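Asks: Quick one: the structure is below, and I'll ask about it shortly.
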Amino acid sequence: MAKLNTNSNAYIIIYSAVLVVIVAFLLAFVYQALKPMQDANVALDIKKQILYSLNIRGLDGAEAEAKYSDVVKSEETVGDKTYYVCDIKGEKKYVFPLKGMGLWGGISAFVAVNDDLNTIYGAYFNHESETAGLGAEIKDSQAWQEKFQGKKIFSADGQVAINIVKKVEKPESEVDVVTGATLTSNGVAAMLRDGLKQYVEQLKK
């Protein structure tokens, strides 16, 4: 019986191919095994973000699940958009998911609006790749997010008024930019104006 030549090119190629197949199989197995847990974590994170927009924070996983079930009454669609109908102490709130572009990548938000479809009740912003300490503050700064509470989406003449500016001159509808992150702030402003307008206009039809 011929001795296997472990130094031959054929042996090295076959060995490498078998090793790649085994590693790929193991990775696929681990991915499939962990996927349900990953999906559950993603779903929980979305529920927490919706609760943040309703000014409900500081809950662990089980508490967030319970609170979400308590306050989110239904998931509705208008046109091709999905939104959430919620109840906070007997008052109806609408939570609208929004998406836009920041300086370096995608940004998103959940914005809770009162039953008048004009007054912002709360907001939570997220991002994919904004700069830490600058654009990332749209997510990391709760104080900045809280500035949107009570702001009006529309002016008295029905024009979209919500905006993010360097100098606030209309406090009823304007919020100051994130320091050092003007372009990210502009992206958030555009996301709010375009997204909220579409939801409200379709709901009022």
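Asks: Which lysines have a Cα lying under 23 Å from the Cα of LYS48, excluding residues fewer than 8 positions away in the same chain?
Replies: Partners found: LYS35, LYS67, LYS73, LYS81, LYS89, LYS92, LYS93, LYS99, LYS139, LYS147, LYS151.
Asks: Of [x] -0.40, -0.58, -0.87; [y] -0.45, -0.59, -0.85; [z] -0.32, -0.48, -0.79, which is the value of log10 I(q)/I(0) by the Debye sum over Cα atoms at q = 0.09, 0.11, 0.14 Å⁻¹ derived from the coordinates here?
Replies: The calculated read-out lines up with [y].
Asks: Quick test of the membrane-span-like rule: which DSSP H helices of the chain reach at least 27 Å along their long axis (C-alpha atoms) with mean Kyte hydropathy at least -1.0? Don't skip to the answer; put the middle values down first.
Replies: Numbers: long enough: 9-53 (61 Å, 1.12); 182-204 (33 Å, -0.22).
Span-like helices in the chain: 9-53, 182-204.
Asks: What is the distance, in nm, between label points placed 7 Å from the Cα along the Cα-to-Cβ direction at LYS81 and at LYS167?
Replies: Roughly 3.2 nm, to one decimal.
Asks: Right, another one. Roughly how many Å² of LEU19 are accessible to a 1.4 Å probe, to the nearest 10?
Replies: Spelled out: LEU19, probe radius 1.4 Å, area about 90 Å².
The values are calculated or read from the model by the stated rules, or taken from the named source; none is laboratory data. Since the structure is predicted, the reported quantities are computational estimates derived from the model, not experimental observations. Don't worry about glycine lacking a Cβ; one is built from the backbone with ideal geometry, like all the others, and counts go over all protein chains shown. Heads up: the accessible areas ignore ligands, DNA and RNA and are worked out on the full protein's heavy atoms, side chains in. Shrake-Rupley method; radii C 1.70, N 1.55, O 1.52, S 1.80 Å.
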